[in-house]
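J.: Quick one: this structure, given as C-alpha cells, is what I'll be asking you about.
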Amino acid sequence: MRVIKITAIWCSACLIMNQVWMRILKKYDIETVELDLDMDMEEVEKYNPGNILPVFIFEKNNQEIKRVVGELKESEMIKIIEELGYHEKES
C-alpha cells in the first residue's frame, strides 16, 4: 500500500497536517508520494483532488481504497491507518 499526499505551500491546513504526517511516519512504515498542487499540476490532475486540501489517497495495487480530505487530528488519522491494516513499526 502507499499514500498519495496532495498539498500546497499556501495551505495552512496542509502545514498542520504535514507535522501530523511526519509524526505518523515515525511510527508507521508508509510509502508516501508527495505532490504539490501547484508544482505537480499534471500529476495531481490524475487524482482529481477537489477544492479542499490536504488530500491523502490510500492505494493498494494502484487502486484507491480510501481518501482523506482536510485537516484531522492525529488520533483520527491513526485510526484510519490502522483500519486499513497498517501496524506500528517494531522498536
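J.: How do the pairs read when you match residues in the range 11-36 that are under 23 Å from His87 (Cβ atoms) with residues anywhere that are acidic (Asp, Glu) and in a loop (DSSP other than H, G, I, E, B), using Cβ under 8 Å and keeping only pairs 6 or more apart or on different chains?
T.: Met17/Glu71
J.: Within the range 15-36, can you find the residues that are among the β-branched types (Val, Ile, Thr) and in a loop (DSSP other than H, G, I, E, B)? Show your work before the answer.
T.: Residues of the range 15-36 among the β-branched types (Val, Ile, Thr): 16, 20, 24, 30, 32-33.
Across the range 15-36, the qualifying residue is only Ile30.
J.: Going through the range 37-91 one residue at a time, which ones are within 13 Å of the chain's Cα centre (by Cα), of a type in the set (Asp, Glu) and part of a loop (DSSP other than H, G, I, E, B)?
T.: Answer for the range 37-91, where residues must be within 13 Å of the chain's Cα centre (by Cα), of a type in the set (Asp, Glu) and part of a loop (DSSP other than H, G, I, E, B): just Glu71.
Since every read-out is calculated from the coordinates, none of them should be taken as a lab result. These numbers were taken from a predicted model, which means no experiment stands behind them. Counting neighbours? That spans all protein chains shown, and the Cβs are built from the backbone with ideal geometry, glycine included.
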